[in-house]
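J.: Just passing along the structure, written as structure tokens.
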Amino acid sequence: MLSFLYARQSGLDDPVRLRRAESTRRVLSLELNHNRDVARVHGNGINTLDIEVIDGRYMLSGGSDGVIVIYDLENNSKKLQYSCKTVCTVGRSSRHVHKFSVETVQWYPHDTGMFVSSSFDKTMKVWDTETLKPAEEFQFDGNVYCHHMSPVARKHSLVAVGTKDPKVQLCDLKSGSRIHILQGHRGEILSVRWSPRYEHILATASTDSRVCVWDVRRASGSLFTLDQHNGDKSKASSEAVNTAHNGRANGLCFTADGLHLLTTGTDDRMRLWNSATGENTLVNYGKVVNESRKGLKFTVSRGCSPEFVFVPCGTSVAVYGLHSGELITMLRGHYNNVDCCEFHPDYQELYSGGKDCNILAWVPVLRQPDIEDEETNSKRGGTQAAVNPAFEDAWSSDEG
């Protein structure tokens, strides 16, 4: 740590490198925090989590019981042992509650005054956080598996919605109506994701084994369909269409810079793609167990070097190196299958929810104090680093 501070102070190193190195160290030391409880409210499995990016303080959860909960993650008691309390709940007693399982919840990217939820009751609701009443409700013909709002959009307010219908629905929050459909899939849409880099680029995954990338400004179909064989027809099946997986494609996640797209499928494979060209980077993650009949909610770290992927895997969360494919560790603590996880980039923490009705907090281990050895000091040029500059006397000794 002190070597990073010295290099940064003297201009020998990139100022961002220290932050990335410490963020990476924190992610690599994640462990279950027994001093932090998240209030147990759901009476059934937890399907989805989302942490707002404005303050990084409030977290949404949606469960198989149709209940939606807002948690305050801040430690107001300032004690080592504390509980993340519920701020409010859309419970079974509310007349606005979803009738069936809530599959996706998401904060409005620019304001905590609004959030959106979608459910197997064939609806997507836009909620006013203050009143906990729907400001808008969209009805669909089949179960709603997923929805997503662009984190960077300034020129549109579209919500992409995946349902039992093979057509991807685009809903406009400004007009309160469904304004467009994207046709190209032949099965249920299990996952949708807007690019964090370009506001008009959308990725969709379906039970037809395909992942399509769209520019929603175009009316002539998808930009391209991801091909796991990169155009090598000798390896492809007799089917003419490109497939991203050999089973249902049920998970999507862009990297924070939007340059790469991760996909998961029920063929127990996870693949990393160049999001601009659609090329399979052929990173080998090994067997990534995936038995989910719905969308898989996984996430990627932000601000680390290298970056990491967190994937629900049975009763654990598997942590992989994004570009190496190496399995770093398995985070074990749930008593039943894990269905979702959410990374907190401000503190490099991870929250996971599962069928055991628990939300677990995984936090970095505190760093031990650094002890500088003589060899390190000598490399820095004698006694320059012997005294921490923060403790040096800044007054001049010149009395004249």
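J.: Within the bounds of the range 98-115, is there any residue that is among the acidic types (D, E) and open to solvent by 10 Å² or more (accessible area, probe 1.4 Å)?
T.: yes
J.: What residue, among those in the range 43-70 that are among the hydrophobic types (A, V, I, L, M, F, W, C) and in a loop (DSSP other than H, G, I, E, B), is surrounded by the most Cβ atoms within 10 Å (Cβ to Cβ)? Before the answer, list the steps.
T.: So in the range 43-70, the residues among the hydrophobic types (A, V, I, L, M, F, W, C) come out as 46, 49, 51, 53-54, 59-60, 67-70.
Adding the requirement that they be in a loop (DSSP other than H, G, I, E, B) leaves 53-54, 67.
On the way: V53: 14, I54: 13, V67: 22.
Checking each candidate, the answer is V67.
J.: Given the structure, is G66 in contact with an Asp or Glu (Cβ under 8 Å, 6 or more places away or on another chain) and free of Cβ contacts under 8 Å to residues at least 24 places away in the same chain?
T.: Against the criterion (in contact with an Asp or Glu (Cβ under 8 Å, 6 or more places away or on another chain) and free of Cβ contacts under 8 Å to residues at least 24 places away in the same chain), G66 does not qualify.
J.: What is the number of the single condition among (1) within 21 Å of the chain's Cα centre (by Cα); (2) part of a strand (DSSP E or B) that P134 does not meet?
T.: (1)
J.: How many residues are out of contact with any Phe, Trp or Tyr (no Cβ under 8 Å at 6 or more places or on another chain) and either under 12 Å from I359 (Cα atoms) or not in a loop (DSSP other than H, G, I, E, B) (or both) when one looks only at the range 71-97?
T.: 4
J.: For the list (1) crowded, with 19+ Cβ neighbours inside 10 Å; (2) assigned to a loop (DSSP other than H, G, I, E, B); (3) not β-branched (V, I, T), I need the number of the one condition that S118 fails.
T.: Every condition holds for S118 apart from (2).
J.: A follow-up question, please. Based on this model, can you work out whether T243 counts as of a type in the set (V, I, T) and either open to solvent by 50 Å² or more (accessible area, probe 1.4 Å) or in a loop (DSSP other than H, G, I, E, B) (or both)?
T.: Judged against the criteria, T243 is a match.
J.: When you check R217 against the structure, is it open to solvent by 30 Å² or more (accessible area, probe 1.4 Å) and under 16 Å from the mean Cα position of the chain (by Cα), yes or no? Show your work before the answer.
T.: Working: open to solvent by 30 Å² or more (accessible area, probe 1.4 Å): yes; under 16 Å from the mean Cα position of the chain (by Cα): no.
The answer is no for R217.
J.: State whether one or more residues within the range 176-197 are within 18 Å of the chain's Cα centre (by Cα), closer than 23 Å to K294 by Cα, open to solvent by 50 Å² or more (accessible area, probe 1.4 Å) and touching a residue at least 60 places away in the same chain (Cβ under 8 Å).
T.: Yes, there is a match, as at least one residue in the range 176-197 is within 18 Å of the chain's Cα centre (by Cα), closer than 23 Å to K294 by Cα, open to solvent by 50 Å² or more (accessible area, probe 1.4 Å) and touching a residue at least 60 places away in the same chain (Cβ under 8 Å).
J.: Next question, about the same structure. Working only within the range 336-369, note down all residues that are at pLDDT 95 or above and hydroxyl-bearing (S, T, Y).
T.: Across the range 336-369, the qualifying residues are Y351, S352.
J.: When you look at R210, is it of a type in the set (K, R), open to solvent by less than 30 Å² (accessible area, probe 1.4 Å) and under 26 Å from E307 (Cα atoms), yes or no?
T.: Criteria met by R210.
J.: Take N284 and tell me if it is open to solvent by less than 70 Å² (accessible area, probe 1.4 Å) and either under 27 Å from A318 (Cα atoms) or under 22 Å from the mean Cα position of the chain (by Cα) (or both).
T.: It is false that N284 is open to solvent by less than 70 Å² (accessible area, probe 1.4 Å) and either under 27 Å from A318 (Cα atoms) or under 22 Å from the mean Cα position of the chain (by Cα) (or both).
J.: Just checking, how many residues over the range 292-341 are charged (D, E, K, R) and open to solvent by less than 60 Å² (accessible area, probe 1.4 Å)? Spell out the reasoning first.
T.: Filtering the range 292-341 for residues charged (D, E, K, R) gives 293-294, 297, 302, 307, 326, 332, 339.
Going one step further and asking which of them are open to solvent by less than 60 Å² (accessible area, probe 1.4 Å), we end up with 294, 297, 307, 339.
Result for the range 292-341: 4.
J.: Within the range 152-163, can one find any residue that is outside any strand (DSSP E or B), out of contact with any Leu (no Cβ under 6 Å at 6 or more places or on another chain), at pLDDT 95 or above and under 29 Å from G354 (Cβ atoms)?
T.: no
The values are calculated or read from the model by the stated rules, or taken from the named source; none is laboratory data. The model shown is predicted, which means the values in this text are computed figures rather than measured ones. Positions of Cβ are backbone-derived with ideal geometry, glycine not excepted, and every protein chain shown enters the neighbour counts. In case anyone asks, the SASA skips ligands and DNA or RNA and just uses the protein heavy atoms, side chains included. Shrake-Rupley method; radii C 1.70, N 1.55, O 1.52, S 1.80 Å.
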